[in-house]
Amino acid sequence: MKTLLYLRKSRAEDLSDSTGDTLRRHREALEETARALRLEICGVYEEVVSGEDLYARPEMLRLLRDVRDGACEAVLCMDIDRLGRGTMSQQGVILETFKEAGVKIITPQRTYDLLDETDEDYTELQTFFARKELKLIKKRMRRGVERTAAEGGYLANAPFGYEKSREGKLPTLRPIEEEAAFVRQMFLLYAQGEGTSAIAGFLNACGARPRRSEAFTRGAVASILRNPVYTGAVVWNRRRFLRAGGRCRKVENAPERWIVTPGKHPAIVEQSLFDLVQERLRGRGRSGGGARALVNPFAGLIRCARCGGLMQLRPRANKPGGYLLCEKKGCCPSCDFTAAADALREALLPLLRRIPLPARGEQEDALRREELLLGAQKRLAGRRARLCELLETGVYTAELYEERLRILREQEEALVGQLHALASPAAGRDAAPLSAADALANASPAEENRLWRLLVSSILCRSEDGAVLFEVRLRCLPPA
C-alpha cells in the first residue's frame with residue numbers, strides 16, 4: 001500500500017537536540033509500523049510547528065495537496081492529533097480531504113478508514129478531545145506567562161539595548177552597555193526637541209544597528225521612545241495577534257489593558273526622562289477622541305520603488321497639503337502631496353468613467369446626479385483656493401499656476417453646463433449613465449481610498465532626472 005509518512009513536533013522553534021531526538025524516535029517507530037504492516041513509504045513530510053493553524057504549516061498543506069491528487073492510499077502518523085488540532089473548520093478540511101480521496105489514516109495503535117461510519121465517528125471524537133487538550137495547554141501557558149510577568153520576569157524578545165538573561169529560574173534582561181548608551185541618547189535628544197528622523201539619522205551615522213533591519217527609521221525610534229521596558233518595567237498584553245486565512249495581524253491594545261509591573265531588569269532610562277518624552281510624544285499626536293479620520297485618499301497604496309516601503313503623508317509648516325516621504329532617509333525624494341494626488345486622479349479618472357454605477361429610478365438618479373455635481377463644484381472651489389496658496393508659498397511657479405487654473409476653469413464650465421442640463425425636462429432621458437467617477441466627486445478621503453483600493457493594487461514612486469514619477473499597478477482593467 002502506497003503510504004506517506006507525516007511527522008510533526010508541536011513547538012515552532014529551531015531544531016534543538018531534544019526536538020531532533022523526538023522526531024527521530026517518532027520516525028523510527030513509524031518505520032517499524034510500516035515494515036510490520038508491509039507499507040510502501042513513498043514520501044516523508046516533516047515539520048516543527050504548532051498544530052493550531054493549518055495555513056501556517058507548509059508541509060501539511062503539501063501533504064493535503066498530494067492526498068487530493070491521489071499520490072497515496074494511506075498516511076502514517078504517530079496519532080490523529082499530529083495531523084492537527086486547530087479549529088473545527090480547519091480539522092474539517094483535513095478530514096474531508098482524506099475522506100473524499102479515500103485515503104486511510106494509520107497510527108501504530110489503529111487504522112482509520114473515514115469511509116466507514118464507525119471510524120469516522122471515532123476520528124471526530126478524537127479530534128474533539130485534541131482541541132480540548134489544546135485549549136487547556138494554552139490556558140495553562142497563558143496563566144504561566146501572566147504569573148511570570150507579575151513576578152517581574154521578561155519573556156518576549158529582548159529589545160534594543162538589552163539581551164536575555166536569567167535571575168534564578170526567572171527570565172529577565174541584562175543591558176548591553178554599547179546599545180544602552182544609544183538608547184539614553186535617543187531619549188535625551190528627543191526631550192531636547194530633536195525629531196525622530198533626525199535621531200534616526202544620528203544613530204545610523206554613529207554605526208548603531210537595530211536588531212531586525214539594516215538601519216534605524218523614524219518609526220523604530222518612536223517605538224523605542226514609547227517602550228516602558230527601558231524604565232525597568234515589564235509590560236504584558238501590549239498587543240495581540242489576530243490570525244485569519246494563514247495571515248497574522250498585530251493589533252495594539254489600549255494602554256489601560258496593558259499589564260505593567262516592576263521588572264527584575266535594571267532601567268536604562270530614568271522615569272522622569274521617560275515621562276517627559278511621553279508628554280512630548282502626546283503633544284505631537286493628533287487630538288480628539290476615537291479613531292483618527294483618514295486624510296490621505298491614497299493611504300496604503302503609494303510605495304517607494306527602491307525599498308518597497310509605504311510613502312508617508314507628512315504635514316508641512318506654513319504650507320498646505322503636506323508632502324509624501326519615504327521613511328528610509330535618502331531613498332526616494334519627497335514630493336508635494338497635493339500635486340501628486342491631482343496627477344494620480346487625472347490619470348485614473350478615465351478608468352473610473354468606464355465603471356457604471358448600479359441603475360436607479362429616473363427621479364432618484366437625477367437627484368443623485370445633482371448631489372454629485374454640486375459636490376464636485378464645491379471641491380473645485382477648494383482646489384482653486386489651494387492653487388492660490390501654492391502660488392503664494394512658492395510651491396507653484398506662475399506658469400504652472402496658470403496651467404492648473406486653466407484646467408480648473410474648463411472643469412468648472414463643464415459642471416455648470418451639466419447642472420443647467422439637469423433643469424431641462426428631458427434631462428433624465430438625455431443624461432449619460434452615472435459612473436464610478438461621479439461617485440468620486442463628493443467622496444470623503446476615506447470613501448475615495450476604498451474606491452482606489454478596489455481599482456489599484458499599488459502605486460510605485462520613483463525619481464528620474466529630478467522628476468517624480470508614479471507607476472500605477474491595477475487590480476484589473478475596467479471594461480471598455
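The values are calculated or read from the model by the stated rules, or taken from the named source; none is laboratory data. No experiment lies behind these values; they were computed from the predicted model shown. We place every Cβ from the backbone using ideal geometry, glycine too, and count neighbours over all the protein chains shown.
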Fill in the blank from the handout: Given the conditions (1) in contact with an Asp or Glu (Cβ under 7 Å, 6 or more places away or on another chain); (2) at pLDDT 90 or above, every one holds for Leu134 apart from (2)
Handout entry: Single residue of the stretch 98-137 satisfying the filter (free of Cβ contacts under 8 Å to residues at least 12 places away in the same chain and under 31 Å from the mean Cα position of the chain (by Cα)) that is farthest from Trp258 (Cα to Cα)
Key = Lys132
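Quick one: is Gly70 surrounded by fewer than 13 Cβ atoms within 10 Å (Cβ to Cβ) and not acidic (Asp, Glu)? Write out each step before concluding.
Numbers: surrounded by fewer than 13 Cβ atoms within 10 Å (Cβ to Cβ): yes; not acidic (Asp, Glu): yes.
In short, yes.
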Fill in the blank from the handout: Picked from the stretch 45-90 (must be more than 28 Å from the chain's Cα centre (by Cα) and part of a strand (DSSP E or B)), the residue farthest from Lys135 (Cα to Cα) is Ala74
Exercise for the section: Report yes if some residue within the stretch 374-391 is loosely packed, with under 14 Cβ neighbours inside 10 Å, basic (Lys, Arg), outside the structural domain of Arg316 (by TED's automatic domain parsing) and at pLDDT 75 or above; otherwise report no. Expected result: no
